[in-house]
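K.L.:
One structure is given below, represented as structure tokens, and several questions about it will come after.
A short reminder: the numbers here are calculations on the coordinates, not readings from a lab. None of these values were measured; they are calculated from a predicted model. Every residue, glycine among them, receives a Cβ derived from its backbone with ideal geometry; neighbour counts consider all protein chains shown.
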Amino acid sequence: MDIRWNAVQILFLLLQNIENKNVVCNQLVKLMDTDNVYIKNKILRNIYLIKDVDFETYKYIIQKASVDTNYVVRKVANEVQMEIILPG
């Protein structure tokens with residue numbers, strides 16, 4: 001679990017270099033499809049970092065999380081959307 005958690009953190013750090021955009025975004029989408037609630041929430045809590053880099057991936061991850069089978073993931077996706085809409 002710790003390794004996957006840190007791997008997600010590293011992916012977001014790699015996103016700082018725009019050349020890594022495709023690899024990072026693809027990996028984050030795969031993680032949203034297959035990983036557990038903790039990893040999905042980690043991605044959702046850092047989703048704002050993707051918004052300016054690849055808006056299509058941002059929208060896809062939010063959409064995917066909004067219909068996730070886990071209630072907590074859906075709730076966090078809703079909270080993240082509200083923070084984007086109503087900052088502050």
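K.L.:
So how much slack lies between residue 70 and residue 6, counting 0.36 nm per residue of separation and subtracting their Cα-Cα distance, in nm?
P.N.:
Working: separation 64, 0.36 × 64 = 23.04 nm, distance 2.20 nm.
Working it through step by step, the gained length comes to 20.8 nm.
K.L.:
Could you tally up the Lys pairs in the chain with alpha carbons closer than 19 Å? Skip any pair fewer than 8 positions apart unless they're on separate chains.
P.N.:
Going through the chain pair by pair, I get 22.
K.L.:
Which whole-Hz ³J(HN,Hα) couplings does segment 45-57 yield from phi under the Karplus relation 6.51 cos²θ - 1.76 cosθ + 1.60, θ = phi - 60°, glycine and proline marked x?
P.N.:
Result, rounded to whole Hz: 5, 10, 4, 4, 6, 8, 3, 7, 8, 8, 5, 5, 5.
K.L.:
Per 0.36 nm of contour for each residue apart, how much would the distance between residue 63 and residue 79 grow if the chain were fully extended, relative to their Cα-Cα spacing? Walk me through the numbers on the way to the answer.
P.N.:
Details: separation 16, 0.36 × 16 = 5.76 nm, distance 1.30 nm.
My answer for the length gained is 4.5 nm.
K.L.:
While we're here: Could you go through segment 17-26 in sequence order and give the Karplus-derived ³J(HN,Hα) for each residue, using 6.51 cos²θ - 1.76 cosθ + 1.60 with θ = phi - 60°, rounded to whole Hz, and x for Gly and Pro?
P.N.:
After applying 6.51 cos²θ - 1.76 cosθ + 1.60, I find 9, 4, 5, 8, 3, 5, 5, 5, 5, 4 Hz.
K.L.:
Rounded to two decimals, what is Rg over Rh for the chain when you use alpha-carbon atoms and the Kirkwood radius? Intermediate values should be presented prior to the final figure.
P.N.:
Working: Rg = 12.1 Å, Rh = 12.9 Å.
Taking Rg over the Kirkwood Rh, I get 0.94.
K.L.:
If packing is taken as the mean number of other Cβ atoms within 10 Å per residue, what is the order of 40-46, 22-28, highest first? Walk me through the intermediate numbers first.
P.N.:
Numbers: 40-46: 19.7, 22-28: 16.7.
Listed from highest to lowest mean packing, they are 40-46, 22-28.
K.L.:
Filter the chymotrypsin sites (Phe, Trp or Tyr not before Pro) in segment 27-88 down to the DSSP loop ones having no more than 11 other Cβ atoms within 10 Å, then list what survives.
P.N.:
Sparse-neighbourhood loop chymotrypsin sites (Phe, Trp or Tyr not before Pro): none present.
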